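The next block holds one structure in the form of structure tokens; read it before the comments.
The values are calculated or read from the model by the stated rules, or taken from the named source; none is laboratory data. Note that this is a predicted model, so its numbers are computed, not measured. No Cβ is skipped: glycine too gets one built from the backbone with ideal geometry, and neighbour counts run over all protein chains shown. Protein only, heavy atoms only, side chains kept; ligands, DNA and RNA dropped before computing areas. Shrake-Rupley method; radii C 1.70, N 1.55, O 1.52, S 1.80 Å.
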Amino acid sequence: MAGFLGRTGYFVHETWINIRRNLTLTVAAILTVAVGVMLVGLGLMARYASTNALGRWQGGVQFEIFLEPNIAGGQIDALGQELRNHPDIERIQYITKDQAFELLEEMLVDEPELLAEVSIESLPSSYRIVPRFAEGELIESLAAQFRQRPGVYSVETGRQQVDAIREWFNSFRWIVLLMSIVLAAASTLLIFNMIRVAMFARRREIEVMKLVGATNSFIRLPFILEGMLHGLAGGIVGAVAAGVLRNHVEELFGRSEILAFFRSFTVTSSQFNTAIIATVIMGAVVGALGSAFAAGRFLDV
Amino acid sequence: MIRLDNVTKIYKGETRAVDGVSLDIKKGEFVFLVGESGSGKSTMLRLLTAEEPATTGQVHVAGKDLSRISSGRVPYLRRNIGSVFQDFKLLPQKTVYENVAFALQVIGRPKNIVTTQVPAILDLVGLAHKQKSFPDELSGGEQQRVSIARAFVNRPLILLADEPTGNLDPNTAQEIMRLLDRINGTGTTVVMATHDQAIVDQMRRRVVALHAGQVVRDEQHGVYE
């Protein structure tokens, strides 16, 4: 036990000396790791946020069956009856031509000349439908069932829009992932290099250690520990930065009208914690990897 | 304690640094390795500490066949071997005490062993009063005594010395030889590579002379030439 404590003291002491000796390099490595893992953390949060937002939209998604303008009243009622009795449909709402015109009036309130071109008669009446389950597949199959019915002009689902946004987010995630990988690789290399410099600075000591029979793991451990500490420090800085940025961004979305679209992009606190913890761990892993490579490469018997 | 069976060491496919050497060194012997520069003395010592593998032949040290020893076991082999060099290899930023203690700390010896062994060995080499000095505050002879203390503090079975008096004046060299003789007297096998004719002639110990990597002479109570 005394031996173990003595060794722990030795490792802590040696690691501290190494860190103090290379302060500028240390800071550079920590900052690179911080930026890299911050991106990883933000990417993770963006992933959660987009999944949450997409889920919310899909949940609220309705679809709308637009009817031919000259459809007969009996056809309208028959269709309504069928929709109401459909097992997969929760509820429906009939939008008359007049109601459609009112909605259009609201939308075109700033463009009266455009509204003047539109006659109530030319507008289609429609059924707004809330399906029992908010699943894209179900909505699509329902839409397909009614698209070919006589008197149906068109069926609009929100799925296309949601799919487009999902696609956009997927490419965004890939870009973030790619950038994180590049930065993680850069951080690993930087730590690798830093540990190499540290080992070079202490080559006499390492030579003596080998001479008197210190094991490789004993010689390597302080260096690996050093790299891991740097990574951990970078991870913590990166996690704090990611947390601060997340708050700013959510505040911005809340304030700005242009970015109002993004308001549904929020992460739950447990998702936030997961992302932050992952960020810190990522930093430590990057540090340990870089230094383990360096120690393995430059410290042979 | 040390046995070489027809050992050859070829560097980079060309230089035959050691060429078909067979040698048997018993426990407690004191052996001088002599020969001009490049005759293979240093390579012989490096073969014994497993810093270099033999190209052919077998090297046995402290009961271990070095051609079969795994790299993970090499450090444990070296704990049985103390090494002393011409340039001392002391750590300049550590005190005399710390330099010697370092050798015990890095092989995981507990603190109470360090605090009893280090003063004892510094006493043995006559440097107890300088334990707080740094190497550059010491004379060459004193530095070499520190390096011997470091090599011997773990009580190795074998002490290898590569030109330990090479940088020292004759009087200081004499002191170092008295110290090595005392260490040999405790039962430690000592192998010393040297150019120092006066010392070899005076000590009258076993002399193994090398030339172009081959043993050309092996005498029990030999002289330099």
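Side notes on the structure shown:
- The number of residues in region B:141-151 being away from chain A (no Cβ under 11 Å) and in contact with a strand residue (DSSP E or B) (Cβ under 8 Å, 6 or more places away or on another chain) comes to 2.
- Residues that are more than 17 Å from A:Gly238 (Cα to Cα) and either in a helix (DSSP H, G or I) or in contact with a strand residue (DSSP E or B) (Cβ under 9 Å, 6 or more places away or on another chain) (or both) within region A:267-301 comprise A:Ser269, A:Ser270, A:Leu289, A:Gly290, A:Ser291, A:Ala292, A:Phe293, A:Ala294, A:Ala295, A:Gly296, A:Arg297, A:Phe298, listed in sequence order.
- Residue count for region A:85-96 under the criterion of being closer than 18 Å to A:Ser141 by Cα and open to solvent by less than 70 Å² (accessible area, probe 1.4 Å): the result is 4.
- Scanning region A:82-104 for residues that are assigned to a helix (DSSP H, G or I) and either of a type in the set (Val, Ile, Thr) or out of contact with any helix residue (DSSP H, G or I) (no Cβ under 6 Å at 6 or more places or on another chain) (or both) turns up A:Glu82, A:Leu83, A:Arg84, A:Asn85, A:Asp98, A:Gln99, A:Ala100, A:Glu102, A:Leu103, A:Leu104.
- Residue check for A:Ala164: within 14 Å of chain B (Cβ to nearest Cβ), modelled with pLDDT under 85 and surrounded by fewer than 20 Cβ atoms within 10 Å (Cβ to Cβ): no
- Qualifying residue in region A:62-80 (condition: open to solvent by less than 30 Å² (accessible area, probe 1.4 Å), modelled with pLDDT under 85 and not in a helix (DSSP H, G or I)): yes
- A search for C-beta distances below 6 Å between a residue of region B:110-130 that is within 14 Å of chain A (Cβ to nearest Cβ) and open to solvent by 50 Å² or more (accessible area, probe 1.4 Å) and any residue that is among the β-branched types (Val, Ile, Thr) and not in a helix (DSSP H, G or I), counting only pairs 6+ apart in sequence or on different chains, returns B:Gln117/B:Val153.
- Of all residues making up region B:206-225, the number that are of a type in the set (D, E, K, R), open to solvent by 60 Å² or more (accessible area, probe 1.4 Å) and in contact with an Asp or Glu (Cβ under 8 Å, 6 or more places away or on another chain): 0
- Flag for B:Leu138 being more than 8 Å from chain A (Cβ to nearest Cβ) and either buried (at least 19 other Cβ atoms within 10 Å of the Cβ) or among the hydroxyl-bearing types (Ser, Thr, Tyr) (or both): no
Listed here are the residues, each with its yes/no results for (1) out of contact with any His (no Cβ under 7 Å at 6 or more places or on another chain); (2) at pLDDT below 85; (3) among the acidic types (Asp, Glu); (4) surrounded by 14 or more Cβ atoms within 10 Å (Cβ to Cβ).
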| position | (1), (2), (3), (4) |
| --- | --- |
| A:Leu83 | yes, no, no, yes |
| A:Asp98 | yes, no, yes, no |
| A:Glu105 | yes, yes, yes, no |
| A:Leu123 | yes, yes, no, yes |
| A:Phe133 | yes, yes, no, no |
| A:Leu142 | yes, yes, no, yes |
| A:Tyr153 | yes, no, no, yes |
| A:Phe172 | yes, yes, no, yes |
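- Residue within region B:6-16 that is part of a loop (DSSP other than H, G, I, E, B) and either within 14 Å of chain A (Cβ to nearest Cβ) or under 11 Å from B:Gly213 (Cβ atoms) (or both) present: no
Per-residue answers, yes or no, for (1) free of Cβ contacts under 8 Å to residues at least 24 places away in the same chain; (2) over 29 Å from B:Phe102 (Cβ atoms); (3) more than 22 Å from the chain's Cα centre (by Cα):
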site	(1), (2), (3)
A:Phe192	no, no, yes
A:Thr215	yes, no, yes
A:Pro222	no, no, yes
A:Val249	yes, yes, no
A:Phe253	yes, yes, no
A:Glu257	yes, yes, yes
A:Thr268	no, yes, no
A:Gly283	no, yes, no
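- The condition of being away from every other protein chain (no Cβ under 14 Å), at pLDDT 90 or above and surrounded by 17 or more Cβ atoms within 10 Å (Cβ to Cβ) does not hold for A:Ile206.
- When region A:212-226 is filtered for residues that are crowded, with 22+ Cβ neighbours inside 10 Å, at the interface with chain B (Cβ under 7 Å from one of its Cβ atoms) and either on the phi > 0 side of the Ramachandran plot or in a helix (DSSP H, G or I) (or both), the ones remaining, listed by number, are A:Val212, A:Gly213.
- Once region B:62-109 is narrowed to residues that are open to solvent by 30 Å² or more (accessible area, probe 1.4 Å), more than 7 Å from chain A (Cβ to nearest Cβ) and of a type in the set (Ser, Thr, Tyr), the residue that is nearest to A:Ala201 (Cα to Cα) is B:Tyr97.
- Of the residues making up region B:171-218, those that are in contact with a Lys or Arg (Cβ under 8 Å, 6 or more places away or on another chain) and charged (D, E, K, R) are B:Glu175, B:Asp218.
- For A:Phe272, the requirement of being within 30 Å of A:Ser50 (Cβ to Cβ) and either surrounded by 16 or more Cβ atoms within 10 Å (Cβ to Cβ) or not hydrophobic (A, V, I, L, M, F, W, C) (or both) is met.
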